[in-house]
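A.B. asks: Pasting a structure below so you can have a look.
The values are calculated or read from the model by the stated rules, or taken from the named source; none is laboratory data. Remember, predicted model here, so these are calculated numbers, not experimental data. For neighbour counting, all protein chains shown are included, and Cβ atoms are generated from backbone atoms with ideal geometry for every residue, glycine included.
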Amino acid sequence: MLKKLKSLTIIIFLFIVLFYAMLNSNLVIEDVLESLNLFIGKLFPAMFFFYTLSDLLINYGFVTILESIFDQLFLRLFHISGMSSFIVIMSMLSGFPSGAKYITTFLEKKLITRDLAHYLLTFTHFSNPLFIMGTISFLFSKRVAVIVLICHYLSNFILAFLIRPKKVILEEKSTLTRVKRDSFSTTLANSFITSSKILLLILGNTIFFYTISDILTHSIDNHLIQTLIYGIFDLTKGIVSLNELNITLFFKLLLIISFLSFGGISVHFQVKEVIAKEKLNYRYFLLGRISSLAISTILLVILFTIRVI
């Protein structure tokens, strides 16, 4: 019964959107072009190289090098081996939803266990540092961008520490298998294909939810409500639209951190699609986003209280 009601609700919503889009086709075309330019100008350059490079590094055994470097640190802080450091580091450099992508890849190659995959899924949600330092520095200042970066990244690591496994997880070491490697040209071509698939998924979600958010806010004159809807569906558009709001800096930063920590519906759909391949439980990611949002908010309040900003 609930499934039928859910399906009916989705059908009604999509039909309303379709009807509205037919009456405002120019708006839809403009939104698609804007979101496409956003993807080509900001998302694709930042992600494609990192995704391709990380896939090559995984295939050529760089994971074991990082494991030897970070093993003791990760064992003491998070009760997991240093092998997971590759997922954490590359997800920080690439930006979401790369954490889910690397977790799925490691699980597929039997480098980590399913329990460890769920644990990593809760906190490896990092915005691309180039996006934070570039966009937020442009909208506000470099100092504000650094504060946002600290709150966003530190909240995830605090969460990782608070919910770390009670017992040290070492099973993933024994599951590491030797794989016969193809030639570099073949491996590179496969990495291109793998990166293109995930980027195509991101492109589709970006265009769809960017357009949906604009359709929903087209008849709304309240800038705050518009910004909230933008941020809920597509965090990039939500953050950019903050510049038009007449509110204090604290509340602007609170909204930025909220959008980044939660990720937006677009990011959630991307993650759900990525982890579906290995049938990982999306609930871990959702609970992680809610917890990270609470922690990052507390960090922001502390920084304002001690007048860091």
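A.B. asks: Can you confirm whether I65 is under 24 Å from L260 (Cβ atoms) and assigned to a helix (DSSP H, G or I)? Talk me through it step by step, then tell me what you get.
C.D. replies: Details: under 24 Å from L260 (Cβ atoms): no; assigned to a helix (DSSP H, G or I): yes.
The answer is no for I65.
A.B. asks: Taking the range 292-307 as the search range and keeping residues that are hydroxyl-bearing (S, T, Y) and more than 15 Å from the chain's Cα centre (by Cα), which one is surrounded by the fewest Cβ atoms within 10 Å (Cβ to Cβ)?
C.D. replies: Filtering first and then ranking leaves T305.
A.B. asks: Could you list, in sequence order, the residues of the range 93-136 that are more than 20 Å from S155 (Cα to Cα) and assigned to a loop (DSSP other than H, G, I, E, B)? Talk me through it step by step, then tell me what you get.
C.D. replies: At the first step, the residues of the range 93-136 found to be more than 20 Å from S155 (Cα to Cα) are 101-102, 104-115, 134-135.
Passing the criteria: K109, K110, L111, I112, T113.
A.B. asks: Could I ask something else about it? Being surrounded by fewer than 17 Cβ atoms within 10 Å (Cβ to Cβ) and modelled with pLDDT under 85 is the filter here, so list the residues in the range 127-143 that pass it. Steps first, please.
C.D. replies: Start the filter on the range 127-143 by keeping residues that are surrounded by fewer than 17 Cβ atoms within 10 Å (Cβ to Cβ), which leaves 130, 133-134, 137-139, 141-143.
Listed by number, the residues that qualify are L130, M133, G134, S137, F138, L139, S141.
A.B. asks: Pull out all pairs, ordered by first then second residue, where Cβ-Cβ is under 8 Å, the residues are six or more apart or on different chains, the first lies in the range 96-115 and is more than 18 Å from S81 (Cα to Cα), and the second is of a type in the set (S, T, Y) and not in a helix (DSSP H, G or I).
C.D. replies: Close Cβ pairs (under 8 Å, with a partner that is of a type in the set (S, T, Y) and not in a helix (DSSP H, G or I)) amount to F96/S127; A100/T124.
A.B. asks: Run T124 past the list (1) polar (S, T, N, Q); (2) modelled with pLDDT under 90; (3) surrounded by 23 or more Cβ atoms within 10 Å (Cβ to Cβ); (4) out of contact with any Phe, Trp or Tyr (no Cβ under 7 Å at 6 or more places or on another chain) and report the number of the one that doesn't hold.
C.D. replies: (2)
A.B. asks: Tally time: how many residues in the range 261-309 are outside any helix (DSSP H, G or I) and without any contact (Cβ under 8 Å) to a residue 60 or more places away in the chain?
C.D. replies: 3
A.B. asks: Further question: Give the residue, chosen from L176, L203, that is modelled with pLDDT of 80 or more and surrounded by 14 or more Cβ atoms within 10 Å (Cβ to Cβ).
C.D. replies: Numbers: L176 fails: modelled with pLDDT of 80 or more.
Checking each option against the conditions leaves just L203.
A.B. asks: Go through the range 13-24 and report how many residues are closer than 16 Å to T217 by Cα, within 30 Å of the chain's Cα centre (by Cα) and free of Cβ contacts under 8 Å to residues at least 40 places away in the same chain.
C.D. replies: Total meeting the criteria: 4.
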